[in-house]
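Participant: Have a look at the structure that comes next, please.
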Ligand code: ACM
Ligand code: ZN
């Protein structure tokens, strides 16, 4: 068994041949308070058979030890002997990842009621291990998001980037602007005409809190994205006064990039923005807020008298410079409220003086990441060209599911390196990690998302967990069949075709 068929592959595994911990005897759980919240996971998810859990001496023991000297904050040491499972970690996250390793073993055929004797020393290479789900193009219910969060946790991912607004739908409730969800949450299905009436929806505050809590229980931080100043058709359809022409606008059903964006010269612009982000801050306790910034045409700004006046006022020489002005103002506003803004790599275009705390997410290849790091911004890598766009088809076959204009093979995802070639060691320090992005223009059902996500997300999780020199696609291929069995048990629809 190659690394006990675990994905992502642990850093170090030593297997004790012919030693098994049997979970069906009486079990004593001893724990340091750091790990108290993890105990329900042990009793409900790992040991689903009838057993007696007691805190007195028993035939077998599961022992959680807090040890601040475990080198990595998210690291753990897991030791399984005939009568004891010992988890040693510095933090709750480390303990949680030990349990995810145990969960994978429990889901293995070999692991049913039995855990193999071994010692595992494990920690991640990158601190940012993300998955993005686009809930703007199509709406996904909380139940499906929770299923994905469980799967993300199983792969030791720690960021859920929740794309909440786009041209095709606005999902975030904003008290002062109720039409954002009442109008902006719904579109007419002109594209497929599969659905009669309007399609879409939005989340209630309670639902958002449920997702945030569910994620936190799994050591996952939710990063909400409100994409602006482009990709704004849903907002403009709701409040047309914030566009350059005044509308009317519609919640888009087509794909693509649209000329109508936020008017930079509107006197109420930042009052709107502040209200929107105050709603975000109220619901999302995490440090990071994604402000989008991608694919924002300047067409309207070049013609709009209000935008032209704003340019004059600011002494700008091209309409393109309005975007870095807007992004800087927004990032500084969020910083004053204790938050860190993230923008897609277009935020670097036409810009020379961005606030250094602004983080950059590279997607148009790796160049944005290189430029961001070279100019002192922390960087998240998710290049569409290097295995991170999980909406593309798995294989260049017109009968294959996924966006047809490009391909991401499982091997592409496996080969992804968050540190791009040619980056200096100093620049590499700015790279926090990477993400898989699940865009959903053509994803009408959760089942389609599952098929596109797996096993590419499994491959990507290993690319984010291990240093490049430790990766081996041959080893991954050996472990994948067992991992697919786990996915099957978890009712995940996965792609089962060619890997490269
Ligand atoms: C993007 O794919 N438009 C960030
Ligand atoms: Zn304008």
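Participant: Residues in region 206-222: is at least one in contact with a helix residue (DSSP H, G or I) (Cβ under 9 Å, 6 or more places away or on another chain), more than 30 Å from residue 99 (Cα to Cα) and outside any loop (DSSP other than H, G, I, E, B)? First the steps, then the outcome.
Facilitator: The initial filter retains those residues of region 206-222 that are in contact with a helix residue (DSSP H, G or I) (Cβ under 9 Å, 6 or more places away or on another chain), namely 207-212, 214-215, 217-222.
Checking the rest, the ones that are also more than 30 Å from residue 99 (Cα to Cα) come to none.
Within region 206-222, not a single residue is in contact with a helix residue (DSSP H, G or I) (Cβ under 9 Å, 6 or more places away or on another chain), more than 30 Å from residue 99 (Cα to Cα) and outside any loop (DSSP other than H, G, I, E, B).
Participant: If you check every pair at least six apart or on different chains, which have Cβ atoms under 6 Å apart with a residue in region 274-292 that is within 23 Å of residue 323 (Cβ to Cβ) first and a residue that is within 16 Å of ligand 2 (Cβ to nearest atom) second?
Facilitator: Close Cβ pairs satisfying both conditions: 292/228.
Participant: Can residue 312 be described as within 16 Å of ligand 2 (Cβ to nearest atom), without any contact (Cβ under 8 Å) to a residue 40 or more places away in the chain and surrounded by fewer than 19 Cβ atoms within 10 Å (Cβ to Cβ)?
Facilitator: yes
Participant: Quick check on region 411-421. Is at least one of its residues more than 21 Å from the chain's Cα centre (by Cα) and at pLDDT below 95?
Facilitator: So far as region 411-421 goes, yes, one or more of its residues are more than 21 Å from the chain's Cα centre (by Cα) and at pLDDT below 95.
Participant: Next question, about the same structure. So, in region 32-63, exactly how many residues are over 17 Å from residue 83 (Cβ atoms) and not in a loop (DSSP other than H, G, I, E, B)?
Facilitator: Matching residues across region 32-63 total 12.
Participant: Condition (residue is farther than 19 Å from residue 147 by Cβ and buried (at least 20 other Cβ atoms within 10 Å of the Cβ)) applied to region 206-215: is it met by at least one residue?
Facilitator: No.
Participant: Which of the following residues is over 30 Å from residue 200 (Cβ atoms), buried (at least 20 other Cβ atoms within 10 Å of the Cβ), touching a strand residue (DSSP E or B) at 6+ places or on another chain (Cβ under 9 Å) and at pLDDT 95 or above: 465, 439?
Facilitator: After ruling out the rest, the residue left standing is 465.
Participant: Also, I was wondering about something else. Just name the residue that is farthest from the chain's Cα centre (by Cα) out of those in region 355-373 that are crowded, with 22+ Cβ neighbours inside 10 Å, free of Cβ contacts under 8 Å to residues at least 40 places away in the same chain and within 15 Å of residue 327 (Cα to Cα).
Facilitator: My answer is 358.
Participant: Considering each of 267, 329 in turn, give the residue that is assigned to a loop (DSSP other than H, G, I, E, B) and within 16 Å of ligand 2 (Cβ to nearest atom).
Facilitator: 267
Participant: Report the residue count in region 275-299 for those that are within 16 Å of ligand 2 (Cβ to nearest atom) and either buried (at least 19 other Cβ atoms within 10 Å of the Cβ) or not in a helix (DSSP H, G or I) (or both).
Facilitator: 3
Participant: Still on this structure: Any residue that is farther than 22 Å from residue 426 by Cβ, within 16 Å of ligand 1 (Cβ to nearest atom) and in contact with a strand residue (DSSP E or B) (Cβ under 7 Å, 6 or more places away or on another chain) - is there at least one of those in region 351-365?
Facilitator: Yes, region 351-365 has at least one match.
Participant: Filter region 141-162 down to the residues that are in a loop (DSSP other than H, G, I, E, B) and surrounded by 22 or more Cβ atoms within 10 Å (Cβ to Cβ) and list them by number.
Facilitator: Within region 141-162, 155, 156, 157, 158 meet the criteria.
Participant: Looking only at region 413-454, count how many residues are without any contact (Cβ under 8 Å) to a residue 60 or more places away in the chain and closer than 23 Å to residue 473 by Cα. Before you say what the answer is, go through the steps one by one.
Facilitator: Keep residues of region 413-454 that are without any contact (Cβ under 8 Å) to a residue 60 or more places away in the chain, which gives 413, 415-417, 419-430, 442, 445, 447-448, 450-451.
Checking which are closer than 23 Å to residue 473 by Cα leaves us with 413, 415-417, 419-422, 450-451.
Total meeting the criteria: 10.
Participant: Sticking with this one: Is one or more of the residues making up region 335-342 within 16 Å of ligand 1 (Cβ to nearest atom) and free of Cβ contacts under 8 Å to residues at least 60 places away in the same chain?
Facilitator: Yes, there is a match, as at least one residue in region 335-342 is within 16 Å of ligand 1 (Cβ to nearest atom) and free of Cβ contacts under 8 Å to residues at least 60 places away in the same chain.
Participant: Return the residues of region 376-435 that are closer than 18 Å to residue 159 by Cβ, within 16 Å of ligand 1 (Cβ to nearest atom), touching a helix residue (DSSP H, G or I) at 6+ places or on another chain (Cβ under 9 Å) and assigned to a strand (DSSP E or B); say none if nothing qualifies.
Facilitator: Those that are closer than 18 Å to residue 159 by Cβ, within 16 Å of ligand 1 (Cβ to nearest atom), touching a helix residue (DSSP H, G or I) at 6+ places or on another chain (Cβ under 9 Å) and assigned to a strand (DSSP E or B): 379, 380, 381, 434, 435.
Participant: Which one of the conditions (1) under 21 Å from the mean Cα position of the chain (by Cα); (2) away from ligand 2 (no atom under 16 Å from the Cβ) does residue 228 fail to meet, given that it meets all the rest?
Facilitator: All conditions pass for residue 228, except number (2).
Participant: Can you find, within region 62-71, the residue that is nearest to residue 159 (Cα to Cα) among those that are crowded, with 17+ Cβ neighbours inside 10 Å and at pLDDT below 95?
Facilitator: Among those residues, the one meeting the criterion is 70.
Participant: Let me ask something else. Collect the residues in region 442-462 that are in a loop (DSSP other than H, G, I, E, B), surrounded by 15 or more Cβ atoms within 10 Å (Cβ to Cβ) and away from ligand 1 (no atom under 16 Å from the Cβ), keeping them in residue-number order.
Facilitator: 444, 454, 455
Participant: Quick one: residue 259 ticks every box in (1) over 30 Å from residue 158 (Cα atoms); (2) without any contact (Cβ under 8 Å) to a residue 40 or more places away in the chain bar one, so which box is it?
Facilitator: With respect to (1) over 30 Å from residue 158 (Cα atoms); (2) without any contact (Cβ under 8 Å) to a residue 40 or more places away in the chain, residue 259 is out only on (2).
Participant: Please give the number of the condition residue 165 fails out of (1) surrounded by fewer than 23 Cβ atoms within 10 Å (Cβ to Cβ); (2) closer than 21 Å to residue 241 by Cβ.
Facilitator: Unmet for residue 165, out of (1) surrounded by fewer than 23 Cβ atoms within 10 Å (Cβ to Cβ); (2) closer than 21 Å to residue 241 by Cβ: (1).
Participant: Quick test for you: out of 196, 202, pick the one residue that is touching a strand residue (DSSP E or B) at 6+ places or on another chain (Cβ under 8 Å) and farther than 14 Å from residue 284 by Cβ.
Facilitator: 202
Participant: Against the definition (surrounded by 23 or more Cβ atoms within 10 Å (Cβ to Cβ), away from ligand 1 (no atom under 16 Å from the Cβ) and modelled with pLDDT of 95 or more), how does residue 236 come out, yes or no?
Facilitator: The answer is yes for residue 236.
The values are calculated or read from the model by the stated rules, or taken from the named source; none is laboratory data. Bear in mind the structure is a predicted one, so any value in this text is a computation, not a measurement. Quick reminder, even Gly has a Cβ in these numbers, built from the backbone with ideal geometry, and neighbours come from all protein chains shown.
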